[in-house]
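*Asks:* After the structure tokens below, expect a handful of questions from me.
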Amino acid sequence: MRRDKTNYYLDLAEVVSKRSTCLRRRYGAVIVKNDEVISTGYVGAPRGRENCSDLNFCRREKLNIPRGQRYELCRSVHAEANAIISASRGKMLGSTLYLCGQEVKDGSYVSNSCCCSMCKRMVINAGIRNVVIRDDADNYRDIPVESWIENDDTLTDEMGY
């Protein structure tokens with residue numbers, strides 16, 4: 001049976017994630033517009049810096065920092081950010097970003113995965129229309145980026161309301 005296009009692009013994101021160098025989670029991102037892959041990205045240290053997988057050390061893991069917190073202590077650039085950096089804004093306008101995350105320890109899909117607040121800001125500014133996030137091998141969520149603009153969670157998170 002032929003794979004539907006959404007899962008096809010999520011499969012590509014999953015393959016891209018295999019290049020990730022994070023010791024906690026592998027993420028891959030693929031930006032697509034008009035059935036054309038615009039760019040890809042995976043989690044890894046900035047060019048020229050050593051990756052956690054090379055150092056065999058993760059500061060956030062050692063400090064027991066929960067998922068979604070204290071990203072400033074992380075060596076890596078997120079998959080979404082790397083995909084955005086690799087594409088021109090003109091090509092990204094109205095595109096879809098496909099995102100797949102897996103736990104390094106057991107290969108399971110990251111439950112309730114979503115872009116962090118910084119990546120959400122980059123996605124908004126890049127002009128991406130939708131983010132599709134894999135939940136398991138066949139199921140996903142399609143999130144309209146407009147909802148991140150309308151429901152600005154940074155007002156409550158950063159301002160303490």
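The values are calculated or read from the model by the stated rules, or taken from the named source; none is laboratory data. Nothing here was measured: the structure is a model prediction, and the numbers come from that model. Here the Cβ positions follow ideal geometry from the backbone for every residue, glycine too, while neighbour counts run over all protein chains shown. The accessibility values were calculated without ligands, DNA or RNA, using every heavy atom of the protein model including side chains. Shrake-Rupley method; radii C 1.70, N 1.55, O 1.52, S 1.80 Å.
*Asks:* State which residue is modelled with the lowest pLDDT when the search covers only region 14-39 and only residues that are surrounded by fewer than 22 Cβ atoms within 10 Å (Cβ to Cβ), among the polar types (S, T, N, Q) and in contact with a helix residue (DSSP H, G or I) (Cβ under 9 Å, 6 or more places away or on another chain).
*Replies:* THR21
*Asks:* Within the bounds of region 40-48, is there any residue that is open to solvent by 60 Å² or more (accessible area, probe 1.4 Å) and closer than 16 Å to ILE128 by Cβ?
*Replies:* Yes, that holds for at least one residue.
*Asks:* Something else now. Does region 131-140 contain any residue that is β-branched (Val, Ile, Thr), at negative phi, surrounded by 14 or more Cβ atoms within 10 Å (Cβ to Cβ) and out of contact with any Asp or Glu (no Cβ under 6 Å at 6 or more places or on another chain)?
*Replies:* Checking region 131-140: at least one residue is β-branched (Val, Ile, Thr), at negative phi, surrounded by 14 or more Cβ atoms within 10 Å (Cβ to Cβ) and out of contact with any Asp or Glu (no Cβ under 6 Å at 6 or more places or on another chain).
*Asks:* I'm checking my understanding of the structure. Among residues of region 75-100 that are in contact with a helix residue (DSSP H, G or I) (Cβ under 7 Å, 6 or more places away or on another chain) and without any contact (Cβ under 8 Å) to a residue 40 or more places away in the chain, which one is farthest from ARG26 (Cα to Cα)?
*Replies:* ARG89
*Asks:* Considering only region 106-130, state which residues are open to solvent by less than 20 Å² (accessible area, probe 1.4 Å), closer than 30 Å to ASP54 by Cα and not in a loop (DSSP other than H, G, I, E, B).
*Replies:* Those that are open to solvent by less than 20 Å² (accessible area, probe 1.4 Å), closer than 30 Å to ASP54 by Cα and not in a loop (DSSP other than H, G, I, E, B): CYS119, VAL123.
*Asks:* Which residue is least open to solvent (accessible area, probe 1.4 Å), if the candidates are limited to region 65-79 and must be in contact with a Pro (Cβ under 9 Å, 6 or more places away or on another chain) and assigned to a loop (DSSP other than H, G, I, E, B)?
*Replies:* Residue satisfying both the conditions and the ranking: SER76.
*Asks:* Suppose we keep only residues that are assigned to a loop (DSSP other than H, G, I, E, B) and modelled with pLDDT of 95 or more within region 94-105. Which one would you say is least open to solvent (accessible area, probe 1.4 Å)?
*Replies:* Ranking the candidates gives SER95 first.
*Asks:* Here is a check on your reading of the model: is ASP54 open to solvent by 60 Å² or more (accessible area, probe 1.4 Å) and modelled with pLDDT of 95 or more?
*Replies:* The answer is no for ASP54.
*Asks:* Can you tell me which residue in region 14-58 is nearest to GLY90 (Cα to Cα), limited to those that are in contact with a Lys or Arg (Cβ under 9 Å, 6 or more places away or on another chain), part of a loop (DSSP other than H, G, I, E, B) and of a type in the set (D, E, K, R)?
*Replies:* ASP35
*Asks:* Scan region 26-61 residue by residue and report those that are of a type in the set (Phe, Trp, Tyr) and closer than 13 Å to HIS78 by Cβ.
*Replies:* Within region 26-61, TYR27, TYR42 qualify.
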